[in-house]
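Right, one structure below, let's go through it.
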Amino acid sequence: MGHSAVVWDHRAAIEITKDWNGVDQVVLRNPHGASARVSLHGGQVTSWRNEQGEELLFTSTKAIFKPPKAMRGGIQICFPQFGNCGLLEQHGFARNKIWAIDDNPPPLHPNDSDGKSFIDLMLKPSEEDLKFWPHSFEFRLRVSLTADGDLTFISRVRNINGKPFSFSFAYHSYLSVSDISEVRIEGLETLDYLDNLCQRERFTEQGDAITFESEVDRIYLGSPKVIAVLDHEKKRTYVIKKEGLPDVVVWNPWEKKSKSMVDFGDEEYKQMLCVDGAAVERSITLKPGEEWMGRLELSVVPSSFCSDHFDIRRRDF
Ligand code: TA6
């Protein structure tokens, strides 16, 4: 008896609803019950749930769901600037803009769609935007949920034949963790980092793995393609794989800073950690017609898998 090939029609796995502000929100589902939600506001992923329906991203209970500010949590697209060292608003304007669904994206590699449910979004500068950042770009974002429940991002920024421009970038990712004091990051050992708590002064990481006892706000430089964030209590590990993103931003506000943020609970620093695939130290420069691509893949594996199956310190799998 022939096997009926299960053709996974990615469009069948997509539902378009409205978010809390009536902005379109795309729900991606896979055949095993995992899901992700992408708001056209900022192209922000506001939810990523595993097959058991467990939420894997952090969102503050005090988040302010009011444009143009990004909701505190999820995964935010920081472009064309990361940080507040430039002329634009903190982390750039992309996360505060309404994106459009891109019905006719230039083709990607077949691997980038096989067996995935995905949505293609597009951001182009408005006349208003061009007054603040006079560069004609097209930003194509593909957010996918794989059959295994992994969450993947492909960002493609193209210079549409204007003059050359430079930008910095980050996937500002709020991971949900059980208890920050029981979390460690592997893969950043021995790297240099810029410390945002010391005017971005450069230091070298001495630790065996990154652990947390106070506020951390660092940009690790020249990081490997794979980073692991181990949640001891849940015995699970976030595996972050990236391409085109040489840096990793690590941020936990800890107690004092948490109390200073109106859209963040005083104790919520205990349940979150930002680990962002980024390109910050060296901005990316595009000549007319050139395109930059930045890929990120997030998966969650049982921590036993980590210790038994791969040694993050060897940085290969
Ligand atoms: O390094 C991450 C960071 O720049 C922190 O300094 C903190 O400001 C965080 O981003 C959050 O920024 P946001 O603009 O989302 O409040």
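Since every read-out is calculated from the coordinates, none of them should be taken as a lab result. Bear in mind the structure is a predicted one, so any value in this text is a computation, not a measurement. Neighbour counts are summed over all protein chains in view; Cβ atoms, including those assigned to glycine, are modelled from backbone coordinates with ideal geometry.
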(request) Could you tell me which residue of the stretch 176-188 is farthest from TRP254 (Cα to Cα), considering only residues that are touching an Asp or Glu at 6+ places or on another chain (Cβ under 6 Å) and among the acidic types (Asp, Glu)? (result) GLU182
(request) Considering each residue of the stretch 38-78, count those that are more than 13 Å from the ligand (Cβ to nearest atom) and either within 13 Å of the chain's Cα centre (by Cα) or within 19 Å of VAL250 (Cβ to Cβ) (or both), and give that number. (result) 8
(message) Looking at (1) crowded, with 16+ Cβ neighbours inside 10 Å; (2) under 17 Å from the mean Cα position of the chain (by Cα), which one does ALA209 not meet, given that it meets all the others?
(response) (2)
(request) Check TRP251 against each of (1) free of Cβ contacts under 8 Å to residues at least 60 places away in the same chain; (2) surrounded by 14 or more Cβ atoms within 10 Å (Cβ to Cβ); (3) outside any strand (DSSP E or B); (4) in contact with a strand residue (DSSP E or B) (Cβ under 6 Å, 6 or more places away or on another chain) and name the one condition it does not meet. (result) (3)
(message) So LYS259 ticks every box in (1) surrounded by fewer than 17 Cβ atoms within 10 Å (Cβ to Cβ); (2) touching a residue at least 40 places away in the same chain (Cβ under 8 Å) but one. Which box is left unticked?
(response) (2)
(request) Please give the strands (runs of 3 or more DSSP E) falling wholly within the stretch 189-241 in which 1 or more residues are under 19 Å from TRP254 (Cα atoms). (result) 192-195, 216-220, 226-231
(request) Provide a single number: the residues in the stretch 46-89 that are of a type outside the set (A, V, I, L, M, F, W, C) and either touching a Leu at 6+ places or on another chain (Cβ under 7 Å) or closer than 16 Å to SER283 by Cα (or both). (result) 10
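So that you can scan it fast, the table gives a plain yes or no per residue for (1) over 20 Å from SER299 (Cα atoms); (2) within 11 Å of the ligand (Cβ to nearest atom):
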| position | (1), (2) |
| --- | --- |
| GLU213 | yes, no |
| ILE219 | yes, yes |
| LYS235 | no, no |
| LYS241 | no, no |
| TRP251 | no, yes |
| LYS257 | yes, yes |
